[in-house]
Each structure stands twice: as structure tokens, then as C-alpha cells.
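Visitor: Following this message is one structure expressed as C-alpha cells.
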Amino acid sequence: MKKNRRALGAIATGALAAGTLMTVGGTAPATAAPAGTAAACSLRLGSVTPGGDHTLQTITAAPSASVRRLGPMNLYPDGQAHLPTSVRTELVVPAGEQRTGLVALGARMYGTSYITDGTGTSVVPGTVKQTLVGGGWDELHKYVELSRYSVAGFSRSNVYSLINQFTDGLIARWTVTPSGWKYYTTFGGFGSVKTMTLIGQGRAYDTFLATTNGGALYTVQVPTGSGKPVVTKIRTSTWQSFETLIAEKCGNYGTLLLGIDRDTGAGYLYAVSHANGAATVIKGLGKVPTTFPAADSYFRYYTAGTQLTGA
């Protein structure tokens, strides 16, 4: 995949205009706590360090944080790795797990995989693989995610990127096929989006939770086929502090959301009900008792087959 700047300039009409998000639905904030409890929910937080290492830390809804584990180490060249996607994990025999995802090394995007030994912090020799996808992954790209969805004999994989393109902002979408990334599509008008995270997957769409530079919180439902994104306002303010959002499934239809403030190294947890515009219930769970290094690039480890159902 080579990024075509001329194609990026041909902006499709999106659900946001002139850098200002257009609201679908109401704006009154909800105040009630989510139904049920998020106490049992947790996420496996990963990161890529400036030294090219992976880390792993379990964050629970208490909130609590396990000791940050460093490793495997030296997976990537120093100072090169950025824009990691979520990493899918699968148990292997006799111990350890296979981990697969995407990561940019410099301006090139790679599919990456490795198998850990029983410690989880070292790789089985000879299992580290990096497959070149393509170039053009420069500083214009703010966020990348790979969504894998499968149910009842149906499966699809799509890649998304949030791109600062000239004076506008784009969400780009690709369909991943056995023969490569195809059907490149862009949606314009997302220049005010600061960061986003995947919270919902369906047969014909993926839904992201997105914050703006002004502090608003929205859902952005992107179709995997024809059509345009549907943008719905959830909150009007106070979300501008977070440069990174990480989401994990919580219960049948909820989300455990981690917001990371890189300026302070602090992270805050939220239990989010099934997304429903301004009626979405968001319960603050508190500050996570650990520090998040600003130089790391964060991602989520998830078990193969997990489908996000927060929207």
C-alpha cells in the first residue's frame, strides 16, 4: 500500500464539516451510573517503547494496575516503531502465545507477529516475522487500527487511519484481502478529531469513540461498504486532555475505557454503557495508580475471537 497524496486530496463528503463536528441526536449529558457492575472488567494494555520493546500491564476497573512487564525486547529498531494497532493473541502449545498486529517502522507499515515462551516476555527463537505492507506512513497519520470481525461463517478485516491532510482531517479505510489491502476509501471533515479508539464491530460497520481538540466526545460509525460515516455526539466538553484512548469490551454491551494524558503521565478509567448518543452513561472509575510514559505508543492486547460490542 502506497499512500496516494492526490487521492487523499480528493476528499469525500463526510459527516463533519470545516473541522466542526455535526451532531446527530441530543446533547444533554447523562448522569446515571451504568447498569450492572464493571468491577470484573479489565484490559491488557501494551505499548511500544522508544527502544523497540513491547510492554504488558493489566488494568482493572478497581481501578488497579499490575506491574508493568517489559518484553519481548528489541523487537524493532530504536526510535522507529509507532502507530501500533491492537495485538491479537492466541495460546500456543506447550506455553506462551502468538501475537499479531500492525506497526509502522519509520514511514513503512508492517504486519508483525511473534510467539512468546512461557514467561510471556521473551520470544521463541525464529518466530518473529515482519511483512511489509507499504510506505507513506509519515507524521500525518495520528491513529491506525485493524478491525477483525467474524461470525457464523462470515469474516472481514478492515484497516482505518486518522490522517491530518493539509487543512482537513480524513478517516481512511482499507479492506484487507488475501492479496493485499484494497478498496481504499477516504471520508473528509475530521480535522477537529484529536484521537479515537474502536468500541464496536458489526457485519457492515465499525464504530469508534472519538475526542475533539475542543473536548467533545463522539461516536463515529464507519461503514465497511458503501455509505458515509454516522457521527453522534455523546458529550460536549472535558475530554480534550487525552492524547490516547484504549477500549476493551466490558460485559455484554459495554466498554472499559482508558484515557491517557501524555502531558502528566496519568490515566483515567471509565465504564461506558452501550453507545446511545447523549443518553450514553459514563461512570468515572478513577485515576489508575501507575504512570504512563509519554514516549510510548499504546495498544490493546486481545484474545482472538473477541468482538467489541460497545456500539
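The values are calculated or read from the model by the stated rules, or taken from the named source; none is laboratory data. Being a predicted model, the structure only gives us computed values, none of them experimental. Glycine gets a Cβ as well: all are built from the backbone with ideal geometry, and neighbour counts include every protein chain shown. Surface areas here come from the heavy atoms of the whole protein model, side chains and all, with no ligands, DNA or RNA. Shrake-Rupley method; radii C 1.70, N 1.55, O 1.52, S 1.80 Å.
Visitor: Give the residue, chosen from Lys194, Lys182, that is of a type in the set (Lys, Arg), assigned to a strand (DSSP E or B) and surrounded by fewer than 18 Cβ atoms within 10 Å (Cβ to Cβ).
Guide: That would be Lys182, the only listed residue that is of a type in the set (Lys, Arg), assigned to a strand (DSSP E or B) and surrounded by fewer than 18 Cβ atoms within 10 Å (Cβ to Cβ).
Visitor: Looking at the stretch 289-311, which of its residues are in contact with a Gly (Cβ under 8 Å, 6 or more places away or on another chain) and either closer than 13 Å to Arg44 by Cα or open to solvent by 60 Å² or more (accessible area, probe 1.4 Å) (or both)? Outline the logic, then answer.
Guide: Filtering the stretch 289-311 for residues in contact with a Gly (Cβ under 8 Å, 6 or more places away or on another chain) gives 290-294, 298-301, 308-311.
Those that are in contact with a Gly (Cβ under 8 Å, 6 or more places away or on another chain) and either closer than 13 Å to Arg44 by Cα or open to solvent by 60 Å² or more (accessible area, probe 1.4 Å) (or both): Thr291, Tyr298, Phe299, Arg300, Tyr301.
Visitor: Of all residues in the stretch 81-101, which are touching a residue at least 40 places away in the same chain (Cβ under 8 Å), part of a strand (DSSP E or B) and of a type in the set (A, V, I, L, M, F, W, C)? Spell out the reasoning first.
Guide: So the first thing to find is which residues in the stretch 81-101 are touching a residue at least 40 places away in the same chain (Cβ under 8 Å), and the list is 81-90, 99, 101.
Those still in the list that are part of a strand (DSSP E or B) too: 81-82, 87-90, 99, 101.
Selection gives Ala81, Val87.
Visitor: Looking at the stretch 179-203, which of the residues that are of a type in the set (A, V, I, L, M) and within 19 Å of Tyr149 (Cβ to Cβ) is farthest from the chain's Cα centre (by Cα)?
Guide: First, pick out the residues of the stretch 179-203 that are of a type in the set (A, V, I, L, M): 193, 196, 198-199.
Narrowing the set further to residues that are within 19 Å of Tyr149 (Cβ to Cβ) leaves 196, 198-199.
Working: Met196: 7, Leu198: 5, Ile199: 8 Å.
So, considering only residues that are of a type in the set (A, V, I, L, M) and within 19 Å of Tyr149 (Cβ to Cβ), the one farthest from the chain's Cα centre (by Cα) is Ile199.
Visitor: Also, quick follow-up: Could you tell me which residue of the stretch 243-262 is farthest from Lys283 (Cα to Cα), considering only residues that are surrounded by fewer than 20 Cβ atoms within 10 Å (Cβ to Cβ) and acidic (Asp, Glu)? Please lay out each step first, then the result.
Guide: Pass one, the stretch 243-262, residues surrounded by fewer than 20 Cβ atoms within 10 Å (Cβ to Cβ): 243, 251-253, 261-262.
Narrowing the set further to residues that are acidic (Asp, Glu) leaves 243, 261.
Numbers: Glu243: 20, Asp261: 18 Å.
Applying the filter and picking the extreme gives Glu243.
Visitor: Of the numbered conditions (1) closer than 28 Å to Trp239 by Cα; (2) modelled with pLDDT of 95 or more; (3) surrounded by 15 or more Cβ atoms within 10 Å (Cβ to Cβ), Gly214 satisfies every one except a single condition; which is it?
Guide: (3)
Visitor: Additional query: Among the residues of the stretch 277-288, count how many are in a strand (DSSP E or B) and either open to solvent by 40 Å² or more (accessible area, probe 1.4 Å) or charged (D, E, K, R) (or both). Walk me through it before giving the result.
Guide: Of the stretch 277-288, the ones in a strand (DSSP E or B) are 278, 282-287.
Checking the rest, the ones that are also either open to solvent by 40 Å² or more (accessible area, probe 1.4 Å) or charged (D, E, K, R) (or both) come to 283-284, 287.
Adding up the residues that qualify gives 3.
Visitor: Something else: With respect to Ala247, is the statement that it is among the hydrophobic types (A, V, I, L, M, F, W, C), under 21 Å from Leu56 (Cβ atoms), touching a residue at least 24 places away in the same chain (Cβ under 8 Å) and not in a strand (DSSP E or B) true? Before the answer, list the steps.
Guide: Numbers: among the hydrophobic types (A, V, I, L, M, F, W, C): yes; under 21 Å from Leu56 (Cβ atoms): yes; touching a residue at least 24 places away in the same chain (Cβ under 8 Å): yes; not in a strand (DSSP E or B): no.
Taking the combined requirement at face value, the residue does not satisfy it.
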